[in-house]
Amino acid sequence: MMKPTIRIHTVLFLAFLLNLGCNTVRVNSLPNESPPVVQELIKTTHSWDGALLPAYLQGQPEITVLRITIPAGTRLDMHHHPVINAGVLISGQLTVVTTEGKTLHLEAGDPIVEVINTVHYGVNQGKVPAEIIVFYAGVVDTPVTVIEPS
């Protein structure tokens, strides 16, 4: 008989999407096993630059989850996000800069609630690739990222 298991990534993803509203959640586990622990990394109504998050777009909701790897020394193109998104830098370091000069430095393990409809870029000034997992709360037929013309 196969024993049921819960992967911690699944638990974290569900906690993020359901906005559990508590600091720690314990899930039932098998006998003699330690239960998974879900730790809230961030809960906010504002993006990292202090702007109030906009209302969600109208339409059929569509969730997109991306794992993005940015090589060491790479600067991303100027872009903006028309949808609310948040992520966690899982390795390396990343700096995010807006056209207004606001700057956010991230280290592995740091969460980010990204700026919405604000032109910005990311740069990996470290010596190893930066890897980030980002969750986008969009609607069907709306891009999650729009590259700005050069």
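The values are calculated or read from the model by the stated rules, or taken from the named source; none is laboratory data. This structure is a prediction, so every number in the text was calculated from the model and none was measured. Ideal geometry is used to build each Cβ from the backbone, glycine not excepted, and the neighbour counts take in all protein chains shown.
What residue, among those in segment 120-141 that are over 20 Å from residue 73 (Cα atoms) and surrounded by 15 or more Cβ atoms within 10 Å (Cβ to Cβ), is farthest from the chain's Cα centre (by Cα)? Of everything passing the filter in segment 120-141, 138 is farthest from the chain's Cα centre (by Cα).
A count restricted to segment 34-48 and to residues that are without any contact (Cβ under 8 Å) to a residue 24 or more places away in the chain, in a strand (DSSP E or B) and of a type outside the set (Val, Ile, Thr) stands at 1.
Scanning segment 88-126 for residues that are small (Gly, Ala, Ser) and over 25 Å from residue 149 (Cβ atoms) turns up 91, 92, 108, 109, 126. Only strands (runs of 3 or more DSSP E) whose full extent lies in segment 49-150 are considered here, and the ones with at least 3 residues that are in contact with a Pro (Cβ under 9 Å, 6 or more places away or on another chain) are 84-91, 130-139.
Okay, residues lined up against (1) modelled with pLDDT of 95 or more; (2) not assigned by TED's automatic domain parsing to the domain that holds residue 136:
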position	(1), (2)
14	no, yes
46	yes, yes
98	yes, no
110	yes, no
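In segment 134-150, the residues that are touching a residue at least 40 places away in the same chain (Cβ under 8 Å) form Cβ pairs under 7 Å with partners that are among the small types (Gly, Ala, Ser) and surrounded by fewer than 17 Cβ atoms within 10 Å (Cβ to Cβ), at six or more places apart or across chains, as follows: 139/59; 140/59.
Looking only at segment 90-106, decide whether some residue is touching a Ser or Thr at 6+ places or on another chain (Cβ under 6 Å), more than 26 Å from residue 39 (Cα to Cα) and either among the aliphatic types (A, V, I, L, M) or buried (at least 16 other Cβ atoms within 10 Å of the Cβ) (or both). Taking every residue of segment 90-106 in turn, at least one turns out to be touching a Ser or Thr at 6+ places or on another chain (Cβ under 6 Å), more than 26 Å from residue 39 (Cα to Cα) and either among the aliphatic types (A, V, I, L, M) or buried (at least 16 other Cβ atoms within 10 Å of the Cβ) (or both). Taken over segment 107-119, the criterion of being surrounded by 17 or more Cβ atoms within 10 Å (Cβ to Cβ) and of a type in the set (Asp, Glu) is satisfied by 110, 114.
Checking 68, 116, 84 one by one, the residue that is without any contact (Cβ under 8 Å) to a residue 60 or more places away in the chain, within 22 Å of residue 138 (Cβ to Cβ), in the same structural domain as residue 133 (by TED's automatic domain parsing) and not aromatic (Phe, Trp, Tyr) is 84 and no other.
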